[in-house]
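Enquirer: Okay, handing you the structure first.
The values are calculated or read from the model by the stated rules, or taken from the named source; none is laboratory data. These numbers come from a predicted model, not from an experiment. With ideal geometry, Cβ positions are generated from the backbone for all residues, glycine too; neighbour counts draw on all protein chains shown. Surface accessibility is based on the protein's heavy atoms, side chains included, excluding ligands, DNA and RNA. Shrake-Rupley method; radii C 1.70, N 1.55, O 1.52, S 1.80 Å.
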Amino acid sequence: MAELWTLDASDGELIVRTGVTGPAARMGHRLTIVMSRWQATATWVDGDPTAAELAVEVDSMEVQSGEGGVKPLSGPEKSIVRTNALRSLSAGRFPTIRFVADAVDETESGYRLTGVLSIRGKSREHVIDLRTEDLGEAWRMSADSTVRQSDYGIKPYSMLMGAMQVADEVTVSFAAVRAKTADYSGGLSVKSP
């Protein structure tokens with residue numbers, strides 16, 4: 001029996017964290033960016049996950065905070081950061097970031113998702129290790145994955161003639177909770193998330 005799970009921002013969060021490099025890195029902020037519109041689906045067959053997909057709307061990014069820097073990140077500065085990020089990602093031409101996993105393998109702590117990540121019109125193989133935790137009535141799922149911007153043709157934003165720039169590698173963190181579902185006999189229709 002096949003089943004499709006669907007998760008979105010009402011079930012959890014998708015966060016991007018950036019670093020700062022260069023001789024003037026101390027002047028920059030390490031950013032926490034929330035992606036507020038995304039949808040994840042998982043296909044289950046006979047109680048086992050067989051495929052997964054994540055689609056993220058690029059223009060849903062919101063700069064939540066900035067650590068470090070000479071002074072705290074202000075509201076207008078957050079708007080400038082968002083505008084620069086959308087420009088770097090060519091959000092008008094490439095409005096969606098997508099990860100499609102066609103191989104799902106069980107691991108000690110959850111599942112390994114192997115597939116293709118597509119950003120800004122470029123696609124590359126990508127692997128995500130998804131951790132799962134049984135909460136009794138629900139499953140908690142979480143993952144952290146590193147993405148190198150230059151692999152997708154993205155030039156990290158820089159200023160001060162390159163003396164301070166966003167680090168090439170960013171960390172994407174996902175966390176969600178999914179209630180367990182019951183089949184017709186009253187049992188769980190899937191063994192684990």
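Enquirer: If you fit an axis through the alpha-carbon atoms of helix 75-88 and take the longest principal axis of the Cα set of the chain, what angle between them do you get, 0 to 90°, nearest 10?
Expert: It works out to around 70 degrees.
Enquirer: Using a 1.4 Å probe, what is the accessible area per residue for the chain, in Å²?
Expert: Numbers: 10800 Å² over 193 residues.
Counting only protein heavy atoms, the per-residue value for the chain is 56 Å².
Enquirer: Which of Ser123, Thr83, Phe94 sits farthest toward the positive end of the charge dipole of the chain, with +1 on the Cβ of Lys and Arg and -1 on the Cβ of Asp and Glu?
Expert: Result: Thr83, furthest along the dipole toward the positive end.
Enquirer: What are the ³J(HN,Hα) couplings of segment 38-44, residue after residue, when phi is run through the Karplus curve with 6.51, -1.76, 1.60 and θ = phi - 60°? Round to Hz, x for glycine and proline.
Expert: So the Karplus estimates, Gly and Pro as x, are 8, 9, 10, 10, 9, 9, 10 Hz.
Enquirer: So which aspartates and glutamates pass the test for Lys155, namely a Cα distance under 14 Å, with those fewer than 8 places away in the same chain ruled out?
Expert: Asp168, Glu169
Enquirer: Can you tally the net charge around Arg112? Count Lys and Arg as +1, Asp and Glu as -1, for every other residue whose Cβ sits under 11 Å from the Cβ of Arg112. Could the numbers behind the result be given before it?
Expert: On the way: positive: Arg131; negative: Asp105, Glu106, Glu108, Asp129.
My count for the surroundings of Arg112 gives -3.
Enquirer: Let me ask you something else. Give me the percent of the accessible area of the chain that comes from carbon and sulfur atoms, probe 1.4 Å, all protein chains in place.
Expert: Details: 5640 of 10800 Å².
Answer for the chain: carbon and sulfur cover 52 percent of the accessible area.
Enquirer: In addition: Label point 7 Å out from Glu169 along Cα-to-Cβ: which residues of segment 97-112 have amide N under 12 Å?
Expert: Output list for this probe position: empty.
Enquirer: Under unit Cβ charges (Lys, Arg +1; Asp, Glu -1), what dipole magnitude, rounded to 20 debye, does segment 2-179 have relative to its Cα centre? Present the calculation step by step, with values, prior to reporting the outcome.
Expert: Working: 19 positive and 25 negative charges, 282 e Å.
The dipole magnitude comes to about 1360 debye.
Enquirer: Sequence-distant or interchain residues sharing an amide H contact under 5 Å with Ala51, placed H: which?
Expert: Sorted by chain and number, the residues that satisfy this are Thr43.
Enquirer: With a 10 Å cut-off between alpha carbons and a GNM built on the chain, which of Asp144, Asp129, Asp46 moves the most?
Expert: Asp46
Enquirer: Within segment 111-138, what residues put their amide N at less than 19 Å from the label point 7 Å along the Cα-to-Cβ vector of Ala55?
Expert: 115-124
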